[in-house]
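Step one of this worksheet: look at the structure below.
The values are calculated or read from the model by the stated rules, or taken from the named source; none is laboratory data. Keep in mind it's a predicted model, so treat the numbers as computed, not measured. Note that we place each Cβ from the backbone using ideal geometry, even for glycine, and neighbour counts take in every protein chain shown.
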Amino acid sequence: MSDRQDFGAPEIIDLPARPVATSRIGVEEQVHRGMDAPSPHRPGQRAPLPAGPLIQCDGVVKIYKVADLEVVALQGLDLTVEPGEFIAIVGASGSGKSTLLSILGGLDVPSAGRVVVAGHHVGEMGSAERTRYRRQVLGFVWQQTARNLLPYLTARENVELPMLLEGVPRNDRASRTSWLLDLVGLAERGDHRPSQLSGGEQQRVAIAVALANEPALLLADEPTGELDTNTAHDVFELLRTVNRLLGLTIVVVTHDPLVSEQVSRTIAIRDGRTSTETLRRRAISDAGHHHVIAEEYAVLDRVGRLQLPRSHVEELGLRQRVRLVLEDDHIEIWPDGAGNGTGETPR
């Protein structure tokens, strides 16, 4: 049995072809030339990434204690992300998505379960190792621009800072910073402080900062949440370009359905577990029109648990327990006491 269960016929969404944003003229050519661009040469050598998934979460539990109460934020969550994926994680407030982001980011540790990111066992790291992990393995882009950039430094100085903390030589810092500012379309704005930049420009600088130390994983928490629609589209298109041309794995946590619809895989979290996945692929019709085919699946976890969409549960009046009928190529789910549509009670 597959670990994802199809909900039905795929949804086809007509979309125009997306050209590269004109605000970054020649950025694709720039990135192609920049595949051998200046790297932040550090003292010593960073170990290569291990083979297999970049993110592997198995049975992750997180319990917070508030006074005499225990709040279960994650309840046995499973998640696998392959290198080079660009995914979105969505869910209602309190679903556990922010807790998951904090654990992946080394800002918190799981109460139980296993979390491995780029070969690092997140729950087993000490404080010093977590700091190195955040500096060397991760890049962060937060919703609040004040959390991304230091207000008293220029854009160039903000981008250089992570490399400075890693001991990267001055010339290497300068050349890579120039390359990154050019990549995000701000080569002429490097001497401006955040207060002199627009919200979209600040988020572009934040992306350059996140890329400074060549991370294996970029984590973005509502990166377009404080931007207008057009600016948000440009910033998100920059993230798509970085993912596509640099092969960087990106995980975005968002409430915005328009953002989540622009990635190849959207993972919904409900009640502390992954509940559904929506997979998208682009296609061209016989008439030459671009469209996206979206298929939604329920997620079957490692112990066989399956979360049915709430709309399905309410529509069929499913409560407490259900009957399962195994057919040759599928499983039927029936309300307790209901027939199977043939006048017979499910066996």
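For this structure, a couple of remarks:
- Restricting attention to region 257-297, the residues being in contact with a helix residue (DSSP H, G or I) (Cβ under 7 Å, 6 or more places away or on another chain), under 28 Å from PRO110 (Cβ atoms) and not aliphatic (A, V, I, L, M) number 1.
- Residue list for region 189-214, restricted to those being part of a loop (DSSP other than H, G, I, E, B), small (Gly, Ala, Ser) and more than 20 Å from ASP172 (Cβ to Cβ): SER198
- Residues satisfying the stated conditions in region 228-258, i.e. buried (at least 21 other Cβ atoms within 10 Å of the Cβ) and under 26 Å from GLY94 (Cα atoms): PHE236, THR249, ILE250, VAL251, VAL252, VAL253, THR254
- Criterion: within 17 Å of LEU180 (Cβ to Cβ) and of a type in the set (Gly, Ala, Ser) - qualifying residue of GLY225, GLY288, GLY272, GLY247: GLY247
- Evaluation of PRO53 against (1) assigned to a loop (DSSP other than H, G, I, E, B); (2) surrounded by fewer than 14 Cβ atoms within 10 Å (Cβ to Cβ) (one fails), failing number: (2)
- Among the residues of region 90-132, just one is buried (at least 17 other Cβ atoms within 10 Å of the Cβ), of a type in the set (D, E, K, R) and more than 18 Å from the chain's Cα centre (by Cα), namely ARG130.
- Which listed residue is surrounded by 20 or more Cβ atoms within 10 Å (Cβ to Cβ), over 24 Å from GLU237 (Cβ atoms) and in contact (Cβ under 8 Å) with a residue 40 or more places away in the chain, from ARG135, ARG173: ARG173
- Scan of region 50-69 for residues that are of a type in the set (A, V, I, L, M), more than 22 Å from ILE87 (Cβ to Cβ) and out of contact with any strand residue (DSSP E or B) (no Cβ under 8 Å at 6 or more places or on another chain), ordered by number: VAL66, ALA67, LEU69
- Within region 124-144, the set of residues being within 28 Å of THR224 (Cβ to Cβ) and either outside the structural domain of ALA112 (by TED's automatic domain parsing) or not in a helix (DSSP H, G or I) (or both) comprises VAL137, LEU138, GLY139, PHE140, VAL141, TRP142, GLN143, GLN144.
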